[in-house]
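First comes the structure, then the notes that go with it.
The values are calculated or read from the model by the stated rules, or taken from the named source; none is laboratory data. Note that the structure is predicted; figures quoted are calculated from it, not measured. Cβ atoms come from the backbone with ideal geometry, glycine included; neighbour counts cover every protein chain shown. Accessible surface is based on the protein model in full, side chains and every heavy atom, while ligands, DNA and RNA are left aside. Shrake-Rupley method; radii C 1.70, N 1.55, O 1.52, S 1.80 Å.
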Amino acid sequence: MSFEGGIYNIKAVSTKLGIQPGTLRAWERRYKIIEPVRNQAGHRLYTEKQVSILKWLITKVNSGFTISQAVDLLEKQDIEHISSNFEINNDQVINIKDELLNSLLKFEENQANQLLDKAFSLYTIENVVIHIIGELLIEIGDMWEKQEITVAHEHYITSYLRTKIGMIFHHLPVNGFLPKVICTCPPKELHETGLLIFTLFLKRKGYETIYLGSGIPKSDLESVVKEVNPTILFFSATLSESLQESYELASKFSNQFNTLTIGIGGQALAHLSSREKANYKQFIVGKNEEEWSHWLKSFHENNRS
């Protein structure tokens, strides 16, 4: 990919994008992603378009992709439409989600893979998981409950989407200095979407997370906590009855494991009364990223004091 009209030298690009010059040279040499022009002295000069492409790649790498994966995504895109603006376009997200649903309902996995590749090329991992995969999981659950789709469709689509999220989990690095976290649902909770998204939120921040999902008996969960010795145990509740069960388990485990911090999140929190909020206060993590970040900040501040 060659462009004319280079205006930025490698030092300027390095400073602008926060990347080492040696890394830029290695990317160019190994992946042939861009070919900056040279001035008379033989120094690299980058165009605005090339800087936008590099920023796009860095955004993908910072979102958890390897550089080779990011380059693969780049090669599937129309370079002329890549810009430095990666904000969510609601209409485009809805279109991708709808097309993805239609493909999966027809069991057209190759088409679904292409649509997800497109989504990951346009948006960060969090945005794709929350606004496309997460919303689609909720929609599929609603369609199944209303008997608008077969059990086979629900199982196939849910399995496909969870597998995609699982693949993302395994590519994210772990910061060994951060606390270990167990993420689970109370035994009777069947909805894992909120738990998956919260687990991704933690893994993107470098936390070592152990994802147990739903349907774990109380005795088994107790055994895992004893064996793993995590710093944080997180419950996700979508149903009101699951929230009560989460609270009872949190109270029990809090008394049993003195060094364990326990949090409860999920959509069920949206329906709490004022009295329930007061009762659950010590365990409430929140139901969105802003509230989760605030809870984590408070957790670290409390553990430093």
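Once fully extended, how much extra length lies between residue 260 and residue 150, figured as 0.36 nm per residue of separation less the alpha-carbon to alpha-carbon distance?
On the way: separation 110, 0.36 × 110 = 39.60 nm, distance 4.18 nm.
Once the chain is fully extended between residue 260 and residue 150, it gains 35.4 nm.
With a ≥ b ≥ c taken as the square roots of the eigenvalues of the C-alpha gyration tensor of the stretch 190-240, please select rounded if a/c is under 1.5 and otherwise prolate if a/b is larger than b/c or oblate if it is not? Here the stretch 190-240 falls in the oblate category.
Beyond 27 Å between alpha-carbons counts as too far, so tell me which of 32/118; 188/277; 32/97 fall in that bin. Correct reply: 32/97. So if I place +1 on the C-beta of Lys and Arg and -1 on the C-beta of Asp and Glu, and nothing else carries charge, what would the dipole magnitude of the stretch 130-191 be about its Cα centre? I want it in debye, nearest 20. It comes to approximately 380 debye. Per-residue extension of 0.36 nm, minus the Cα-Cα distance of residue 297 and residue 37, leaves a gain of 89.0 nm for this segment.
Annotation: aspartates and glutamates with alpha-carbon distance below 14 angstrom to residue 287 (same-chain offsets under eight excluded): 192. Nearest 10 degrees is fine. How inclined is helix 193-204 to the longest principal axis of the chain, computing both from alpha carbons? Here the helix axis deviates by roughly 50 degrees.
Helix 240-256 versus the longest principal axis of the chain: what angle, 0 to 90°, nearest 10, using Cα atoms? The angle comes out at about 80 degrees. Using a probe of 1.4 Å on the protein chains alone, the accessible area found for residue 107 is around 100 Å². Could you check how many percent of all C-alpha pairs in the chain are farther apart than 35 Å? That fraction is 32 percent. For the chain, the 222 nm mean residue ellipticity estimated from helices alone, with every DSSP H stretch of n ≥ 4 adding -39500 (n - 2.57) and the total spread over all residues, rounds to -17500 deg cm²/dmol.
Sequence-ordered 3J(HN,Hα) estimates for the stretch 57-66 from the Karplus curve with 6.51, -1.76 and 1.60 and θ = phi - 60° stand at 5, 5, 4, 5, 4, 5, 8, x, 6, 6 Hz, glycine and proline given as x. Compared with the dominant Cα axis of the chain, that is its longest principal axis, helix 21-31 is turned about 90°. When you restrict to C-alpha pairs under 8 Å that are six or more residues apart and normalise by the size of the chain, the relative contact order lands at 11 percent.
What shape does the stretch 1-69 have by the C-alpha gyration tensor, where a ≥ b ≥ c are the square roots of the eigenvalues, rounded means a/c under 1.5, and otherwise prolate means a/b greater than b/c and oblate the rest? It comes out prolate by the Cα gyration axes.
Between 149, 100, 10, the Cα set farthest toward the positive side of the dipole of the chain (charges on each charged residue's Cβ, about the Cα centre) is that of 10.
By accessible area of protein heavy atoms, probe 1.4 Å, what ranking do 271, 191 get, highest first?
271, 191
In this structure the amide hydrogen of residue 262, modeled in the peptide plane, comes within under 5 Å of the amide hydrogens of 233, none closer than 5 places in sequence on its chain. Would the stretch 98-201 count as rounded, prolate or oblate if I go by the C-alpha gyration tensor, calling it rounded below 1.5 in a/c and otherwise prolate when a/b exceeds b/c, oblate otherwise? It is oblate, given that a/c is not under 1.5 and a/b is not larger than b/c.
Per the Cα gyration tensor, the stretch 190-305 maps to an equivalent ellipsoid with semi-axes of 19, 18, 16 Å, ordered largest to smallest.
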